[in-house]
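The values are calculated or read from the model by the stated rules, or taken from the named source; none is laboratory data. Here the structure is a predicted model, which is why all the values come from computation and not from measurement. So basically every Cβ, Gly included, is an ideal-geometry build from the backbone, and we count neighbours across all protein chains shown.
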Amino acid sequence: MTMQTPLTPETEDPRPGPATAATRVHRRVGSLHRTEGMYYLFLVPALVLFTAFVVAPACVGIFYSFTDYLGFGQWHFLGLENYRALVSDPAILGSYGFTLGFAVVTVIVTQVIALALAIALSKRVRFAAGLRSVFVIPMVVSGIIVAYVFNYLFSNTLPALATSVGFGPLQQSILGDPNLAWLAIVIVSAWQTIPGALLIYTAGLTSIPSDVYEASALDGAGTWKQLRSITLPLISGFIVINTVLGVKGYLGAYDVIVGLTNGGPGSATSSVAMTIFTGFTSGDYAYQMANATVFFIITVLISVLQLAVTRGRNLRLA
Amino acid sequence: MSALDTRSPATATARSLTDPPRRRRRLERVNWPLTIILAIASLSVLIPLYVTVAMAFKTSAQAVDGNALSLPLPFNPASFVEAWQLTRFPVSFSVSLGVAALTVIATLLLSSFASYAIVRNWHRRFFRWSFVYLLAAMFLPFPVVALPQIKLTAMISLDNPIGVAILHAMFQLSFSVLLYSAFLRSIPIELEESARIDGASTWQIFWRVILPLLGPMNATVGIFAFLASWNDFMMPSLITADPGLQTLPVVQNIFQSQFGTNYNVAFASYLMAMAPTIVVYLFAQRWVISGVTQGAVKS
């Protein structure tokens with residue numbers, strides 16, 4: 001209501017000419033209603049589309065997770081049967097194990113490298129702007145295409161190089177090794193997501209006034225002390241943004257895995273997203289919707305947990 | 001990390017003494033070891049890009065030897081013709097561009113409209129709850145709703161690029177609304193009030209006062225939406241039923257099967273798919289970089 005309060009009947013009426021107090025009041029009320037209606041019209045398209053294309057399908061999907069629906073035809077209620085079956089399904093448990101482990105490793109690798117690069121670029125480095133431009137390039141490239149390029153490097157170039165220098169362990173493609181394939185996915189995912197984190201950390205670092213460092217140096221703080229006591233606490237908000245966004249992205253990993261291993265060898269690198277999508281083709285619709293529902297709950301829990309942990313930490317630092 | 005941070009207590013102390021000539025000299029002193037480390041690190045980005053370009057210009061015979069780092073000799077640009085035909089490049093490029101353009105327009109309009117209404121009516125419960133409602137999708141990964149969305153789009157004949165664009169816009173909505181509303185809160189209301197006194201309606205105020213002020217945020221939101229849509233593989237590959245209407249990232253999968261050994265053709269195709277965003281980025285990087293940084297600071 002704030003914007004209406006300073007309006008007087010006189011100033012509100014754009015048309016000059018005589019007007020009685022009654023018509024002024026009437027016009028004001030009319031315009032108030034019109035204004036409010038306009039705001040609803042501004043908001044409603046987003047709400048309607050969002051409800052129709054995201055929330056409603058989500059609710060329908062969750063509903064079907066309690067049935068034996070195949071994706072077509074008739075269905076019956078099963079109660080929690082699908083959820084019970086999930087817990088003892090080795091394919092499902094395997095995909096969760098891989099996805100969670102991959103997300104944790106990748107988010108740590110990405111944050112450490114991105115933060116190190118951001119700090120390094122904020123120092124008196126020659127060609128800092130040019131170097132930063134190069135480091136950001138992976139952000140604008142399609143994940144699946146990057147994965148195809150790295151697929152060639154991992155399966156052809158790396159073994160060829162290893163053979164020519166006689167380095168045994170890498171002479172076979174790491175993509176074909178069930179114990180190493182996940183490493184390739186971590187590398188490519190990190191390669192692709194470091195730039196975004198790097199830019200966010202750069203924004204964080206520039207928000208720290210330089211006299212804070214100068215004052216701490218006067219008090220005898222060394223490089224490590226400054227990193228621990230000034231840099232990290234002051235950019236903790238940015239670390240939260242990066243890890244929350246990062247973990248959510250890595251949990252939903254799909255494109256990079258399709259381009260590198262397609263879930264293989266066997267199902268060693270099959271992510272939760274990939275198993276959910278099998279519900280579309282294999283007639284496991286209801287079962288995979290139960291999987292998707294569990295996945296959603298886990299995603300939300302992890303995000304909330306991250307926010308809660310960092311909030312607690314901030315309080316302690318303050 | 002200590003190698004990265006060269007600000008020793010002594011130099012910092014010297015800098016804090018406000019001694020202009022000395023201070024300037026210290027600022028000018030370039031940290032060469034760190035520069036060299038960063039230059040080497042940048043190879044991790046440059047080598048894959050070089051490999052893509054080099055492979056694209058090789059002959060099939062040279063491409064299969066596994067040495068991706070070698071120069072393309074003899075120089076063979078013919079792969080591009082083949083890649084162009086195999087991927088039906090003009091079609092898939094147009095589809096990609098159409099989907100991305102539609103996504104950007106829908107995202108900009110829907111989220112700026114909604115954010116404006118929400119911020120200006122924050123005192124009303126309906127608008128506050130709408131904000132929370134739209135933001136909840138931040139925690140909703142696409143795989144969770146993918147199956148019902150595939151069924152829905154097929155049911156209402158949106159299992160095509162238009163449906164993909166709508167879904168892309170939906171998944172940009174939360175983040176964009178967050179950015180816009182943070183920005184809108186910082187715009188003083190007096191600007192609008194004076195326009196209102198001059199007789200402008202809310203609709204006119206939005207287009208003539210608010211939208212111009214949103215300029216930098218429009219760039220940020222637009223860039224995010226464009227990149228997410230242009231580069232996406234997951235949604236178009238699952239939603240679009242007609243393989244003839246697939247986007248550029250999706251059509252690249254033909255090289256994973258039937259043309260498995262024609263690496264030069266595959267890389268020519270990858271290069272044609274990657275080049276547009278890289279070229280645009282190199283020319284507009286100021287906007288991309290400030291966009292991300294602004295996004296981070298505002299949220």
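Quick check on my filter: what residues within region B:98-112 are without any contact (Cβ under 8 Å) to a residue 24 or more places away in the chain and touching a Pro at 6+ places or on another chain (Cβ under 9 Å)?
Of everything in region B:98-112, just one residue is without any contact (Cβ under 8 Å) to a residue 24 or more places away in the chain and touching a Pro at 6+ places or on another chain (Cβ under 9 Å), namely B:Leu109.
Quick one: which residue in A:Ser216, A:Ser229, A:Ser303 is more than 10 Å from every other protein chain (Cβ to nearest Cβ), surrounded by fewer than 20 Cβ atoms within 10 Å (Cβ to Cβ) and either more than 24 Å from the chain's Cα centre (by Cα) or hydroxyl-bearing (Ser, Thr, Tyr) (or both)?
Selected residue: A:Ser229, the only one of A:Ser216, A:Ser229, A:Ser303 that is more than 10 Å from every other protein chain (Cβ to nearest Cβ), surrounded by fewer than 20 Cβ atoms within 10 Å (Cβ to Cβ) and either more than 24 Å from the chain's Cα centre (by Cα) or hydroxyl-bearing (Ser, Thr, Tyr) (or both).
Go through (1) at pLDDT below 90; (2) surrounded by fewer than 20 Cβ atoms within 10 Å (Cβ to Cβ) and name the single condition A:Ile119 misses.
If we test A:Ile119 against (1) at pLDDT below 90; (2) surrounded by fewer than 20 Cβ atoms within 10 Å (Cβ to Cβ), just (1) comes out false.
Considering only region A:62-82, I want to know if a residue exists there that is at the interface with another protein chain (Cβ under 8 Å from one of its Cβ atoms) and at pLDDT 70 or above.
yes
Can you tell me which residues in region B:172-181 are more than 8 Å from chain A (Cβ to nearest Cβ) and closer than 21 Å to B:Leu238 by Cβ? Give the steps one after another, and end with the answer.
Here is the first cut: in region B:172-181, the ones more than 8 Å from chain A (Cβ to nearest Cβ) are B:172, B:174-176, B:178-181.
Across region B:172-181, the qualifying residues are B:Gln172, B:Ser174.
Residue pairs, Cβ under 6 Å, 6 or more apart or interchain, first in region A:114-140 and without any contact (Cβ under 8 Å) to a residue 60 or more places away in the chain and within 7 Å of another protein chain (Cβ to nearest Cβ), second surrounded by fewer than 19 Cβ atoms within 10 Å (Cβ to Cβ) and part of a helix (DSSP H, G or I). List them.
The qualifying pairs are A:Val125/B:Thr35; A:Arg126/B:Thr35; A:Ser133/B:Gln285.
Sort through B:Leu248, B:Leu238, B:Leu227, B:Leu167 and tell me the only one that's within 12 Å of chain A (Cβ to nearest Cβ) and within 15 Å of the chain's Cα centre (by Cα).
Values: B:Leu248 fails: within 15 Å of the chain's Cα centre (by Cα); B:Leu238 fails: within 15 Å of the chain's Cα centre (by Cα); B:Leu167 fails: within 15 Å of the chain's Cα centre (by Cα).
Unique residue meeting the criteria: B:Leu227.
When you go through B:Ile189, B:Ile118, B:Ile150 one by one, which is the residue that is of a type in the set (A, V, I, L, M), surrounded by fewer than 18 Cβ atoms within 10 Å (Cβ to Cβ) and either in contact with a Gly (Cβ under 7 Å, 6 or more places away or on another chain) or assigned by TED's automatic domain parsing to the domain that holds B:Thr240 (or both)?
None of the others qualify; the one that does is B:Ile189.
Among the numbered conditions (1) surrounded by fewer than 18 Cβ atoms within 10 Å (Cβ to Cβ); (2) free of Cβ contacts under 8 Å to residues at least 24 places away in the same chain, tell me where A:Ser267 comes up short.
Among (1) surrounded by fewer than 18 Cβ atoms within 10 Å (Cβ to Cβ); (2) free of Cβ contacts under 8 Å to residues at least 24 places away in the same chain, A:Ser267 violates only (2).
Looking only at region A:157-200, which residues are more than 24 Å from A:Phe98 (Cα to Cα) and without any contact (Cβ under 8 Å) to a residue 12 or more places away in the chain?
Answer for region A:157-200, where residues must be more than 24 Å from A:Phe98 (Cα to Cα) and without any contact (Cβ under 8 Å) to a residue 12 or more places away in the chain: A:Thr157, A:Ala160, A:Leu161, A:Ala162, A:Thr163, A:Ser164, A:Val165, A:Gly166, A:Phe167, A:Gly168.
Considering every residue within region B:212-222, establish whether at least one is crowded, with 19+ Cβ neighbours inside 10 Å, within 11 Å of chain A (Cβ to nearest Cβ) and either more than 14 Å from the chain's Cα centre (by Cα) or modelled with pLDDT under 90 (or both).
Scanning region B:212-222, I find no residue that is crowded, with 19+ Cβ neighbours inside 10 Å, within 11 Å of chain A (Cβ to nearest Cβ) and either more than 14 Å from the chain's Cα centre (by Cα) or modelled with pLDDT under 90 (or both), so the answer is no.
Restricting to region B:269-290, what's the tally of residues that are over 19 Å from B:Trp230 (Cβ atoms) and either at the interface with chain A (Cβ under 9 Å from one of its Cβ atoms) or not basic (Lys, Arg) (or both)?
Total meeting the criteria: 1.
Tell me yes or no: at least one residue of region A:34-45 is within 13 Å of chain B (Cβ to nearest Cβ) and among the basic types (Lys, Arg).
In the first step, residues of region A:34-45 are kept if they are within 13 Å of chain B (Cβ to nearest Cβ); the result is A:34-45.
The next check asks that each one be among the basic types (Lys, Arg); those that pass are A:34.
Yes, region A:34-45 has at least one match.
Do the conditions hold for A:Ser95, that is, is it hydroxyl-bearing (Ser, Thr, Tyr) and in the same structural domain as A:Val188 (by TED's automatic domain parsing)?
Yes, satisfied.
With respect to B:Phe89, is the statement that it is at pLDDT 90 or above and within 25 Å of the chain's Cα centre (by Cα) true?
It is true that B:Phe89 is at pLDDT 90 or above and within 25 Å of the chain's Cα centre (by Cα).
Those residues that are among the hydroxyl-bearing types (Ser, Thr, Tyr), closer than 30 Å to A:Arg124 by Cα and within 13 Å of chain B (Cβ to nearest Cβ), I need them from region A:171-213; list them, please.
Across region A:171-213, the qualifying residues are A:Thr193, A:Tyr201, A:Thr202, A:Thr206, A:Ser207, A:Ser210, A:Tyr213.
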